[in-house]
């Protein structure tokens with residue numbers, strides 16, 4: 001039964017509610033500028049009425065209200081907007097980091113407003129054009145050297161700046177991971193405090209705000225997902241990174257910096273307890289994984305490493321009397337040169353009958369050709385045996401085979417190859433009457449005619465320009481070298497550095513001078529083939545030491561390409577560090593001459609023979625940390641690759657032309673001089689590019705004049721080769737012959753400009769979107785001073801009214817206690 005003091009209890013509850021409401025409004029105003037604070041509201045409800053329905057319920061006309069009670073003090077938040085904000089913060093962190101990185105890179109390049117690489121290139125080409133007009137002018141020659149040095153210094157500094165910035169980004173990555181781990185620990189610690197407060201019935205609003213703020217900061221660093229206690233059956237607050245839990249209640253997993261040997265020891269970011277090695281067998285390969293690489297596991301089998309050498313031919317031979325490179329050799333005749341090789345399988349044209357029928361009157365009765373693969377080489381002869389009316393096959397090792405019929409068949413050639421060279425080659429005749437010769441160990445196969453045209457008729461001869469060098473009695477070693485060098489870009493001669501070589505004269509330890517030939521590009525595909533004169537005679541080539549008496553080439557160094565299997569597909573490469581290889585596929589007849597990306601975003605480094613697997617798994621896929629890794633690996637390395645390609649091709653093309661030209665003055669008879677220091681590999685070419693110190697010291701070595709075809713210069717006033725070097729500016733020698741040097745660099749600048757515009761636009765758009773979502777959040781959680789003041793006034797008025805109510809109750813009780821029952825006393 002309600003007694004007369006019930007009104008005081010009702011008043012006390014109301015005063016407590018109004019007081020707590022004013023205190024909460026004051027708390028909101030106090031934290032109006034605190035980052036991450038969400039305003040709070042006192043949630044009140046009617047207290048339980050008197051009385052509850054029951055059999056012993058007092059006989060009252062109905063339930064009587066008992067006043068107000070505070071049910072909770074809650075934060076005002078929108079869970080959907082919070083989740084959306086965290087997601088967009090991750091994207092914002094990514095684009096802002098990428099924007100900063102690209103802006104810094106644009107400062108290095110300093111284009112198009114500044115004096116950048118394009119200006120250095122233009123000045124270099126202009127100086128070559130000036131030299132072509134005044135080839136005998138010392139100032140013009142010095143201008144070429146100085147502009148070339150400026151170009152090399154600029155490229156080297158540009159490469160250095162990129163490398164240093166890449167190192168700086170790697171250090172920044174370490175700082176970001178440390179910050180992320182600190183946030184993870186703080187969130188876990190808050191989870192413990194929040195659980196303790198809730199355990200005793202409290203409502204830790206300020207701690208929840210702090211946790212949400214830290215989570216938002218973490219989402220800017222990595223692309224996390226958050227599960228609130230209401231979403232989880234176990235009631236834990238969870239943060240996970242693509243299925244890998246970082247925080248669960250008070251338990252944590254940290255981000256770990258894992259050095260990747262294949263990426264110069266730079267870090268990958270992985271999750272604790274989920275660590276993995278990019279490569280499971282570093283003795284076989286190392287790998288650099290860029291962020292664009294797709295998640296997968298790749299299998300790699302390395303069968304052979306690349307020697308990373310060029311083919312080089314030469315030997316003193318029979319020129320024991322060549323005591324001077326300018327001494328006449330008294331040789332008369334000719335020999336032919338070719339730089340080429342075929343695929344790992346050679347397939348002939350279709351022959352339904354014999355390849356060689358019995359010769360008619362006047363027809364050739366003898367053929368010879370050189371068959372080579374890797375380090376193996378043999379000269380095979382096919383001779384008509386008139387007495388036996390058949391063709392006889394033999395080689396320089398004494399192996400023989402007699403044709404089964406008067407006509408030489410494909411099967412005869414196949415049988416001879418299989419009987420004598422099975423360790424190196426496998427031959428067979430297909431059902432449609434074609435001869436196929438396959439390399440047993442996947443080396444490139446070379447077939448060239450020495451006498452006659454048998455392999456050419458069969459359609460399996462190496463396809464490249466063949467240059468004939470005529471030798472006269474008065475020719476010296478230097479003159480012959482000049483004739484060979486001068487053949488480049490001559491009428492009908494080779495016009496690509498890959499298709500030609502460099503001739504020079506060297507001196508043996510016993511003082512004998514001899515001729516050497518070296519391919520300008522490393523790798524098996526640039527095999528040097530030495531042939532005879534038009535009648536197949538090898539006398540001159542043998543006398544010069546280029547071939548031995550049996551016709552085998554006198555190689556000083558050989559080249560061998562790497563051979564790998566990547567996910568079952570075969571690739572060859574002339575270097576051991578690569579992202580592109582030559583795919584071995586039947587679609588092009590196993591030519592293995594077209595570059596193909598091994599796997600997007602994977603760069604390999606071969607260390608040894610064996611098997612290995614590569615694991616690609618990006619634990620972090622968003623936020624500042626991901627953007628830092630992408631800028632460090634994908635963006636910077638792609639730019640460095642462009643600079644390396646430019647420097648490598650510039651050195652290769654310039655040197656190829658320069659080798660073929662003559663100097664002036666005392667060096668008028670000199671060819672074969674490199675303008676830039678030769679660069680064997682593309683990787684690192686930008687930092688390695690330099691002017692040949694010999695040319696830098698003596699500008700008369702600049703080969704502005706062309707050869708007259710006899711090994712002599714056209715004169716100091718000739719600027720043919722200087723013009724040819726200047727015209728390289730327009731020649732389409734870049735990007736597989738689709739772009740000139742200028743177009744290549746302009747294309748690079750266009751890509752850089754597009755990257756800068758895209759990152760800036762996306763960052764601005766993301767900031768606008770994030771600000772918009774945050775504005776919506778603040779409309780819910782933000783503190784409005786005017787609104788809070790209105791609440792204070794409302795609670796103040798209510799407090800005053802309730803105080804008046806209590807005073808009235810007090811007066812009523814005073815009447816009851818002190819005045820009732822006094823009548824009649």
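Throughout, read-outs are computed from the coordinates displayed, never taken from laboratory work. Keep in mind that what you see is a predicted model, and the values were worked out from it rather than measured. Note that we place each Cβ from the backbone using ideal geometry, even for glycine, and neighbour counts take in every protein chain shown.
Quick notes
- For the chain, relative contact order (Cα pairs under 8 Å, six or more residues apart, normalised by length) works out to 21 percent.
- With the convex hull constructed from alpha-carbon coordinates only, the stretch 341-463 shows a mean projected area of 7.1 nm² over all directions.
- On Cα atoms only, tilt of 205-221 relative to the major axis of the chain in degrees: 10
- Burial ranking of peptide ranges 620-630, 301-311 (average Cβ count within 10 Å, highest at the top): 620-630, 301-311
- Gyration tensor verdict on the stretch 256-398 (Cα atoms; rounded if a/c is under 1.5, prolate if a/b is larger than b/c, oblate otherwise): oblate
- Overall shape: prolate for the stretch 519-640, with the ratio a/c of the largest to smallest alpha carbon gyration tensor axis at 1.5 or above and a/b above b/c.
- Taking N as its residue count, the alpha carbon Rg of the chain over 2.2 N^0.38 Å: 1.50
- Take each peptide in 78-87, 365-374, count the other Cβ atoms within 10 Å of every residue, and average; sorted highest first, the result is 365-374, 78-87.
- Longest to shortest principal axis, alpha-carbon extents of the stretch 90-134, angstrom: 61, 13, 10
- Divide the volume of the convex hull around the Cα atoms of the stretch 732-825 by the residue count and you get 106 Å³ per residue.
- Across the stretch 143-275, the convex hull enclosing all Cα atoms gives 122 Å³ per residue.
- Mean separation of Cα contacts under 8 Å, 6 or more apart, over the residue count of the stretch 341-463: relative contact order %: 37
- Residue-averaged 222 nm ellipticity for the chain, from DSSP H runs of 4+ at -39500 (n - 2.57), nearest 500: -12500 deg cm²/dmol
- Cα gyration tensor shape for the stretch 303-377, rounded if a/c is under 1.5, else prolate or oblate: oblate
- For the stretch 400-524, the alpha-carbon radius of gyration amounts to 1.40 times the rule-of-thumb value 2.2 N^0.38 Å expected for a compact globular protein.
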